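Have a look at the structure below, then the notes.
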Amino acid sequence: MSPRPVIATGQQIGAGWSPALSIAKALAALAEARRTGAEAVYWLADEDHDRAEVASVVGWDGPRLVRHRFRFDTRPGTATGWLPWTPQHQAEATKLWGPLPEPTIPTLRGHALALGKPLWERGLRPFSPTDPAVRDPIQSELKRWRSLDLQAQLILQADRLRAQGAPLPLDPQVQAAWFSLDPGTGRRLRLESGETLAKGLWLSPGAAIRPLMQSLLLPVAAVVLGPSERAYWRLCEPLWDRVGLAAPKILPRPSVFVVPPGYRVAPDQLDALRLGAWENLGSWSGVFPTGVTQETRPDPAWPLPIQERFRREQARSRERLGKLDRRLHREAAARMLGGDPEFLRQSLFPFGRPQERVIPGVPWLSSRALLDAILQRMDGAQPVILVEEP
């Protein structure tokens, strides 16, 4: 009997499930699996070793967002699945995000598995490619792939994509195609072309080849990917036939915004909100302060210094009145949106970036009602999903 096809997605595991877009990817995969009768799988990218990315998070100090960076006492190059998650880390995380479930395994992987329980309960299956039970059996096939000199084809594909003007988030001439991974310590090191893999170590593919390993380990029918992921997946387009695998269908990840209670906002208003362009949201229909004054020329008989001072004072007055104009636009926008647009802007675009790219997934995971509301709106067609915070 053939295994059920898989709808896969995933993310390098980060403290607190940072960023929250990883939750959007997980729910999009789950929704697609329910529609098609497939199995939804979340790929825990726990052999990546970008420590700065997984350790850098934001939390809350009252109503304020605060930046925080976890410290991990391990050697450089240690893959994220092996990073320790100690009682000190748990205490720091609790201070940032409130009470959290304790991981059963004292690693960052264990922390991610514990936080992800609400997703696993809904049918999403976590999958770690660093489990020896699944990784040991494919080592011979990975060694065969390495003998095919896939990196040369990656470089040619990168040249083609550059010629087309396509985005290229990684350069295969710079970034390694292969690494060695110590299954005991988690240390991952660049493996140069022709360099022998030491006994007892695993072959670990770079980001451009990882899609192939995913389909080697799982019967992947489709993958949910964000924009940058879709860009680097294009690098491996020529490699599927070379290794004898079928390329899965790519499903774009929708963006999710959790809107504060009481606000009314539509997807086509998000750009204006991000820019603070209140006049594009709800323009004031009456008279503006700048419209009730007339510019007066200085009397030519006045001394030149007085004329210049007069012009400067008029310019200052116009600037101050222009600020009152903007206040009226903001008032009109507030009536349309159901609340202060500046508060809404800061909530949806903290630090000037989309909410899902800044905040961790913890608050979404802690609200079952919110997860269900997002999942319900994952129809596979809407690129932007807005959900009111329960």
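The values are calculated or read from the model by the stated rules, or taken from the named source; none is laboratory data. On a predicted model such as this, the values are computed, not experimentally measured, just so you know. Cβ placement follows ideal geometry from the backbone for every residue including glycine, while neighbour counts extend to all protein chains displayed. These accessible areas exclude ligands, DNA and RNA; they are computed on the full protein's heavy atoms, side chains included. Shrake-Rupley method; radii C 1.70, N 1.55, O 1.52, S 1.80 Å.
Residues checked against (1) open to solvent by less than 20 Å² (accessible area, probe 1.4 Å); (2) within 22 Å of the chain's Cα centre (by Cα); (3) free of Cβ contacts under 8 Å to residues at least 24 places away in the same chain:
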position: 218; (1), (2), (3): yes, no, no
position: 223; (1), (2), (3): yes, yes, no
position: 231; (1), (2), (3): yes, yes, no
position: 238; (1), (2), (3): no, no, no
position: 251; (1), (2), (3): no, yes, no
position: 263; (1), (2), (3): no, no, no
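Per-residue answers, yes or no, for (1) in a helix (DSSP H, G or I); (2) within 21 Å of residue 210 (Cα to Cα); (3) among the hydrophobic types (A, V, I, L, M, F, W, C):
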residue	(1), (2), (3)
25	yes, yes, no
31	yes, no, yes
35	yes, no, no
41	no, yes, yes
46	no, yes, no
49	no, yes, no
54	yes, yes, yes
59	no, no, no
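Taking the condition open to solvent by 60 Å² or more (accessible area, probe 1.4 Å), more than 28 Å from residue 152 (Cα to Cα), free of Cβ contacts under 8 Å to residues at least 24 places away in the same chain and not polar (S, T, N, Q), does residue 268 pass?
On the way: open to solvent by 60 Å² or more (accessible area, probe 1.4 Å): yes; more than 28 Å from residue 152 (Cα to Cα): yes; free of Cβ contacts under 8 Å to residues at least 24 places away in the same chain: yes; not polar (S, T, N, Q): yes.
Criteria met by residue 268.
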Checklist entry - Which of (1) at pLDDT below 95; (2) touching a helix residue (DSSP H, G or I) at 6+ places or on another chain (Cβ under 7 Å) does residue 162 not meet, given it meets every other one? => result (2)
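Please go through segment 287-304 and give me each residue that is over 30 Å from residue 329 (Cα atoms) and either open to solvent by 60 Å² or more (accessible area, probe 1.4 Å) or in contact (Cβ under 8 Å) with a residue 40 or more places away in the chain (or both), ordered by number. Even if it seems obvious, please write down each step before you answer.
The initial filter retains those residues of segment 287-304 that are over 30 Å from residue 329 (Cα atoms), namely 298-304.
Within segment 287-304, 299, 300, 301, 302, 303, 304 qualify.
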Checklist entry - Listed residues 312, 327; which is basic (Lys, Arg) and modelled with pLDDT under 90? => result 327
Checklist entry - For segment 369-390, what are the residues that are touching a Phe, Trp or Tyr at 6+ places or on another chain (Cβ under 9 Å) and open to solvent by 70 Å² or more (accessible area, probe 1.4 Å)? => result 388
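Can you tell which of 52, 91 is of a type outside the set (Phe, Trp, Tyr) and within 24 Å of the chain's Cα centre (by Cα)? Please lay out each step first, then the result.
Numbers: 91 fails: within 24 Å of the chain's Cα centre (by Cα).
The conditions single out 52.
For segment 120-214, which strands (runs of 3 or more DSSP E) that fit wholly inside it have 1 or more residues that are open to solvent by 60 Å² or more (accessible area, probe 1.4 Å) and in contact (Cβ under 8 Å) with a residue 40 or more places away in the chain?
Numbers: elements: 125-127, 178-181, 188-190, 202-205.
It comes to 125-127, 188-190.
Considering 55, 114, which residue is at pLDDT below 95, among the hydrophobic types (A, V, I, L, M, F, W, C) and surrounded by fewer than 20 Cβ atoms within 10 Å (Cβ to Cβ)? Give the derivation first.
Details: 114 fails: at pLDDT below 95.
So the residue among 55, 114 that is at pLDDT below 95, among the hydrophobic types (A, V, I, L, M, F, W, C) and surrounded by fewer than 20 Cβ atoms within 10 Å (Cβ to Cβ) is 55.
Within the bounds of segment 236-259, is there any residue that is outside any helix (DSSP H, G or I) and over 30 Å from residue 383 (Cα atoms)?
Filtering segment 236-259 for residues outside any helix (DSSP H, G or I) gives 237-238, 244-259.
Narrowing further to those that are over 30 Å from residue 383 (Cα atoms): 244.
Yes, that holds for at least one residue.
Filter segment 92-111 down to residues that are part of a loop (DSSP other than H, G, I, E, B) and surrounded by 14 or more Cβ atoms within 10 Å (Cβ to Cβ), then give me how many there are. Give the derivation first.
Start the filter on segment 92-111 by keeping residues that are part of a loop (DSSP other than H, G, I, E, B), which leaves 98-106.
From what is left, the residues that are surrounded by 14 or more Cβ atoms within 10 Å (Cβ to Cβ) are 100-101, 103, 106.
Here the count works out to 4.
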Checklist entry - Any chance segment 165-173 includes a residue that's modelled with pLDDT under 95 and closer than 23 Å to residue 81 by Cα? => result yes
Checklist entry - Only one of 68, 89, 49 is in contact (Cβ under 8 Å) with a residue 12 or more places away in the chain, touching a Phe, Trp or Tyr at 6+ places or on another chain (Cβ under 9 Å) and open to solvent by 50 Å² or more (accessible area, probe 1.4 Å); which? => result 49
Next on the checklist: So if I check each of 315, 334, which one is touching an Asp or Glu at 6+ places or on another chain (Cβ under 9 Å) and more than 30 Å from residue 33 (Cβ to Cβ)?
Outcome noted: 334
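Among the listed residues 157, 139, which satisfies the condition of being at negative phi and in contact with a strand residue (DSSP E or B) (Cβ under 7 Å, 6 or more places away or on another chain)? Break it down stepwise before answering.
Details: 157 fails: in contact with a strand residue (DSSP E or B) (Cβ under 7 Å, 6 or more places away or on another chain).
Only one candidate qualifies: 139.
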Checklist entry - So how many residues does segment 317-342 have that are farther than 15 Å from residue 264 by Cα, open to solvent by less than 80 Å² (accessible area, probe 1.4 Å) and among the acidic types (Asp, Glu)? => result 1
